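Single-structure report; data block below.
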Amino acid sequence: MRGEAIRLLIVQKDINDTDWEAHLAGADLSAVDLVCFGELAASGCLYDGGEGLRLEAILEKLAEYKPAIMLGFPRRTDDGLSNCYLYHFNGKCQMCDKINLFEPMNEPVVYQRGQEPGLFETEFGRLGVAICYDLRFSGLFHRLKTAGAEKIFVPAAFPWPRIADWRRLLVERAVENEVWIIGINAVGDDGRNLFGGNSMVVAPDGRIVACASDDTPEYLSVEI
């Protein structure tokens, strides 16, 4: 399907809602090519650490669904936790880990730092991934574009007080690199942070072609 349009379903959900499967079960996926969840969609923020989730358990659940799925989760390995984002389709999985860990949320203590930019070889071409705080590092986006990323996804748990930065930076990264940027954020209050939504799709010329609310769980259906 390289070069063809992708029918996206972007899931903006409450940070406290970790039942990502319910969103898949309740949505009409018949006209969807790729479902996109946000950062740590399967767990919420783990400020003080936690058990994490084993990849095998996630893959067993993903195998039930036909569309390609992107999902953020705290991946547990024998070496510790990583803030992981995966792409799954037809029984095959690709993953990347968050590179720039956000100290105010205690991430350098909880997670291991990712080493390589997120690049997924997919039925829709080469897709890039930059996770939340990675958005502030323009060089990472340049590396993804140089490596051939045709669209860059930004799964996030971006707090409300800095949501203006979220909106501005998504547009800037699209224009700087002349690529589609797809931002998937959370809403809700987990007791430590209030999250600001505004999941959006930005065209390579900086046009915002779709944008969710700042406080309500919702789906965005977009073809790009």
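Could you list all residues from segment 101-154 that are within 17 Å of the chain's Cα centre (by Cα), under 17 Å from Pro204 (Cβ atoms) and of a type in the set (A, V, I, L, M)?
Within segment 101-154, Leu127, Ala130, Leu135, Leu144, Ala149, Ile152, Val154 qualify.
Which numbered condition trips up Asp165, out of (1) within 15 Å of the chain's Cα centre (by Cα); (2) closer than 25 Å to Asp97 by Cβ?
(1)
Criterion first (of a type in the set (Val, Ile, Thr), over 23 Å from Arg75 (Cβ atoms) and free of Cβ contacts under 8 Å to residues at least 24 places away in the same chain) does Thr216 satisfy it? Full working, then the answer.
Values: of a type in the set (Val, Ile, Thr): yes; over 23 Å from Arg75 (Cβ atoms): yes; free of Cβ contacts under 8 Å to residues at least 24 places away in the same chain: no.
It is false that Thr216 is of a type in the set (Val, Ile, Thr), over 23 Å from Arg75 (Cβ atoms) and free of Cβ contacts under 8 Å to residues at least 24 places away in the same chain.
I'd like to check something: does segment 144-156 contain any residue that is crowded, with 23+ Cβ neighbours inside 10 Å and in contact with a Ser or Thr (Cβ under 6 Å, 6 or more places away or on another chain)?
no
Given the condition at pLDDT below 95 and more than 22 Å from Thr18 (Cβ to Cβ), answer yes or no: does some residue in segment 134-151 qualify?
Applying the first criterion (at pLDDT below 95) to segment 134-151 yields 150.
Cutting the leftovers down to more than 22 Å from Thr18 (Cβ to Cβ) gives us 150.
Within segment 134-151, one or more residues are at pLDDT below 95 and more than 22 Å from Thr18 (Cβ to Cβ).
Go through segment 157-184 residue by residue and tally those that are in contact with a helix residue (DSSP H, G or I) (Cβ under 7 Å, 6 or more places away or on another chain) and under 11 Å from Ile15 (Cβ atoms).
Looking only at that region, the number is 2.
Would you mind stating whether Glu123 is closer than 19 Å to Phe153 by Cα, at pLDDT below 95 and loosely packed, with under 15 Cβ neighbours inside 10 Å?
Numbers: closer than 19 Å to Phe153 by Cα: yes; at pLDDT below 95: yes; loosely packed, with under 15 Cβ neighbours inside 10 Å: yes.
Spelling it out, Glu123 is indeed closer than 19 Å to Phe153 by Cα, at pLDDT below 95 and loosely packed, with under 15 Cβ neighbours inside 10 Å.
Yes or no: Gly91 closer than 21 Å to Ala42 by Cβ, free of Cβ contacts under 8 Å to residues at least 40 places away in the same chain and under 14 Å from the mean Cα position of the chain (by Cα)? Let's see the steps before the verdict.
Numbers: closer than 21 Å to Ala42 by Cβ: yes; free of Cβ contacts under 8 Å to residues at least 40 places away in the same chain: yes; under 14 Å from the mean Cα position of the chain (by Cα): no.
When the stated conditions are applied, Gly91 does not pass them.
Would you check which residues across segment 173-213 are of a type in the set (Phe, Trp, Tyr) and either more than 20 Å from Trp20 (Cα to Cα) or without any contact (Cβ under 8 Å) to a residue 24 or more places away in the chain (or both) and list them? Show your work before the answer.
Kept after step one, since they are of a type in the set (Phe, Trp, Tyr), are these residues of segment 173-213: 180, 195.
Residue satisfying the conditions is Trp180 alone.
Kindly provide the set of residues from segment 25-37 that are more than 16 Å from Met200 (Cα to Cα) and either polar (S, T, N, Q) or out of contact with any Lys or Arg (no Cβ under 9 Å at 6 or more places or on another chain) (or both), ordered by number. Steps first, answer last, please.
To start, the set of residues in segment 25-37 that are more than 16 Å from Met200 (Cα to Cα) comprises 25-33.
Scanning segment 25-37 gives Ala25, Gly26, Ala27, Asp28, Ser30.
The values are calculated or read from the model by the stated rules, or taken from the named source; none is laboratory data. Quick caveat, the model's predicted, so the values are computed rather than measured. Glycine gets a Cβ as well: all are built from the backbone with ideal geometry, and neighbour counts include every protein chain shown.
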